[in-house]
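For reference, the structure is listed below as structure tokens.
The values are calculated or read from the model by the stated rules, or taken from the named source; none is laboratory data. On a predicted model such as this, the values are computed, not experimentally measured, just so you know. Glycine gets a Cβ as well: all are built from the backbone with ideal geometry, and neighbour counts include every protein chain shown.
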Amino acid sequence: MMVIKPSLTKIVLNRVKRLVGFDVPAVEAVTAPDPWEGMPPAQRRNAMREYLADAFRSGLTVIPSETSRLVTISYISTDPEMAAIAANATAEAYILDQIENKGDVTARASRWIDERVKELRDRVVESETKLEQYRAQTGLLDIGEGSSLKTRLSKLEAELSDARTRRAEAQARFEQVQALLKDTRNDAGVALLADVPFDGPVVETLRQMGERWDGAGQPRGLAGSDILATARIVSVANAFVAMLNPRAWRPGASFDDAVEAVLADAGSAFDRSVVVALVNRLENRGGRQDWAHLVNDVSAA
């Protein structure tokens with residue numbers, strides 16, 4: 001059975017009636033049947049989760065801007081604190097999801113370049129092999145400048161060289177960012193990226209990764225929402241992955257141990273809403289399956 005309390009509106013109206021002399025009976029809580037009574041535990045949890053999700057979405061409003069890429073997120077609730085927490089948590093979850101999506105796009109692009117380089121290399125080797133076979137069969141010592149085969153080979157070699165150059169540049173940038181992630185207090189190192197074009201506040205995010213939610217971090221002692229949302233998110237993600245990776249003095253941590261560690265620092269070192277979003281991704285949105293290779297790599301090491 002479920003206990004349904006009188007609405008706030010009904011309570012206020014009854015009080016007003018009493019003040020003007022009406023005889024209003026006392027309003028008591030009403031006991032209603034439990035809509036999930038008799039369901040198996042798993043089905044009951046799923047039904048309650050869907051009910052809560054629908055209730056949450058009913059108060060949520062997201063309005064995109066017509067003149068920019070910004071969105072306005074608002075939440076309607078009788079509790080102002082709940083409304084603020086719901087709107088902020090939704091915004092943080094959206095930002096984290098966008099970062100994950102961009103990471104997936106970068107990974108796919110890298111794989112495409114690798115596959116393209118391999119394909120071009122195989123085509124060049126195959127063409128050179130066939131050319132040598134043809135020259136051996138016909139007794140030709142060389143092929144002329146006007147040969148379509150040589151023109152095609154030259155084009156393939158140029159494409160292969162260009163692909164290698166782009167891949168080397170991407171790899172160098174990736175290694176530079178990785179090195180800076182390991183030393184977020186080295187502001188001079190982060191400044192090296194100031195002239196590199198990025199789609200977002202990458203440089204300032206790296207600068208603020210050493211800051212703490214409670215203001216005890218480095219290099220500027222920023223606190224709370226003064227720290228960029230991207231820096232707060234990357235800080236939690238960086239710490240979480242670092243704990244999963246083994247070191248010379250310790251083995252890699254399990255998912256549960258790493259989650260327990262970041263939860264212990266939520267509200268002090270880390271933004272609590274970001275930690276909650278990470279745990280939600282891990283437990284409810286397939287994070288354990290998607291990131292299983294991190295733990296597997298640790299076990300293999």
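A compact table of results
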item	result
Counted residues, the range 253-274 - those being more than 18 Å from residue 290 (Cα to Cα) and assigned to a loop (DSSP other than H, G, I, E, B)	5
Filter result for residue 148 (at pLDDT 80 or above and of a type in the set (Ser, Thr, Tyr))	no
Any hit, the range 269-279, residues being exposed (fewer than 15 other Cβ atoms within 10 Å of the Cβ), polar (S, T, N, Q), touching a residue at least 40 places away in the same chain (Cβ under 8 Å) and within 27 Å of residue 216 (Cα to Cα)	no
Complete set of residues in the range 63-84 that are in contact (Cβ under 8 Å) with a residue 24 or more places away in the chain and out of contact with any Gly (no Cβ under 8 Å at 6 or more places or on another chain)	78
Identity of the residue in the range 89-131, of a type in the set (S, T, N, Q) and in contact with a Leu (Cβ under 7 Å, 6 or more places away or on another chain), that ends up nearest to residue 154 (Cα to Cα)	127
Qualifying residues in the range 56-74 (those that are assigned to a strand (DSSP E or B) and not small (Gly, Ala, Ser)) - the one modelled with the lowest pLDDT	71
Total residues in the range 236-252, condition touching a residue at least 40 places away in the same chain (Cβ under 8 Å) and either hydroxyl-bearing (Ser, Thr, Tyr) or outside any loop (DSSP other than H, G, I, E, B) (or both)	5
